[in-house]
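To start, the structure under review is shown below, and the notes come after it.
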Amino acid sequence: MPRTAQEALELLVEGNRRFASNVFDSKSRTGMARRLELSERQDPFAVLLGCSDSRVPAEIVFDQGLGDLFVIRVAGNIVAPALVGSVEFAAAKLGTRLAVVLGHTSCGAIRATLEELQQPSENPSRNIHAIVDFIRPSIEGLLSTDLRHDSEALLEQAVRDNVKASADHLRHASPLLESLIRDEGLVVVGAEYSLETGIVDFFDGVPVSS
């Protein structure tokens, strides 16, 4: 398994390229031998904090097998305290050095937040509203721009702004993560998956390869 964030990122890029091309390589890492190998330990090379959307399963999107990825999924790829703790566990206890915040095009949680900002619900679910409240600060400013006149362009920009905000939040979410980033080579990047093409665009915080 790769030990640096750059090596891990290269594996993800290569795996996504295979997925988008409909050429898969992960079957050898999903069988009985792999399952037995992992029965007493795990060594994931990347943490994926992604949206719960059923169309974006991280292991498939990146053509990875059992034990390769430490996956955390929540609507809108928000960064709540329990999720921060999960990233801390992977980074501090398992030695994982790459964390990816993965959003996707046409995200329903982002669309719902935009709708709530434009026309608040009369009786919103408290729990759904909690997700909206996490997303709101990163996208509400867009409603003061010309994008408010184009709903699809607004949603497209809101998805990416939310990913960037979540990645930045994660980088500063705790003293532990800040220390791992500063001293141990942990890297947090933001990415967007295209439902149409299957391609992941890593666009925020990507390290420059040497």
Going from the fewest other Cβ atoms within 10 Å to the most, one would list Val84, Val208 as Val208, Val84
Gyration tensor on Cα atoms of the range 152-210, a ≥ b ≥ c root eigenvalues, a/c under 1.5 rounded, else prolate if a/b beats b/c, else oblate, says oblate
Calc'd 3J(HN,Hα), the range 191-197, phi into Karplus 6.51 cos²θ - 1.76 cosθ + 1.60 (θ = phi - 60°), Hz, glycine/Pro = x, comes to 8, 10, 9, 8, 5, 7, 9
The chain - mean residue ellipticity at 222 nm from DSSP helices (-39,500 (n - 2.57) per run, n ≥ 4, rounded to 500): -13000 deg cm²/dmol
I'd like the GluC sites (Glu not before Pro) in the range 16-112 restricted to DSSP loop residues with at most 12 other Cβ atoms within 10 Å, sorted by number. Glu40
What's the extension gain from Ala20 to Val206 if we count 0.36 nm per residue and subtract their Cα-Cα distance? 64.9 nm
Quick one: length gained pulling Arg182 to Ala130 fully straight, 0.36 nm per residue minus the C-alpha distance? 15.6 nm
Contour minus Cα-Cα span, Arg34 to Leu66, at 0.36 nm per residue, comes to 10.8 nm
Take every Cα pair under 8 Å in the range 4-63 that's 6+ residues apart, average their separations, divide by the length, and report that relative contact order as a whole percent. 62 percent
As a percent rounded to 5, the proportion of antiparallel DSSP bridges among beta bridges in the chain is 20 percent
Cα centroid of the range 24-66 to Cα centroid of the range 82-98, whole Å: 16 Å
Return the single residue from Val74, Val189, Val100 with maximal mean-square fluctuation; model: Gaussian network over the chain, springs between Cα atoms under 10 Å. Val74
Go through Leu38, Ser125, Ala191 and say which Cα lies farthest out towards the positive end of the charge dipole of the range 5-204; charges sit on Cβ, +1 for Lys and Arg, -1 for Asp and Glu. Leu38
Exposed trypsin sites (Lys or Arg not before Pro) absent: longest stretch of the chain, with sites in DSSP loops and at most 14 other Cβ within 10 Å deemed exposed: 56-210
With a ≥ b ≥ c the root eigenvalues of the C-alpha gyration tensor of the range 12-71, is it rounded (a/c under 1.5), prolate (a/b larger than b/c) or oblate? oblate
Using all alpha carbons of the range 89-131, what is the percent of pairwise distances in each 5 Å bin, ordered from the shortest bin to the longest? 5, 16, 19, 14, 11, 11, 12, 8, 4, 0
I want to check the label-to-label distance for Glu196 and Arg111. Put each point 7 Å from Cα in the C-beta direction and report it in nm to one decimal. 1.4 nm
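Each reported figure results from applying straightforward, stated rules to the coordinates on display, with no laboratory input. Remember, it's a predicted structure, so these values are computed and weren't measured experimentally. As a convention, Cβ positions derive from the backbone with ideal geometry for all residues, glycine included, and neighbour counts pool all protein chains shown.
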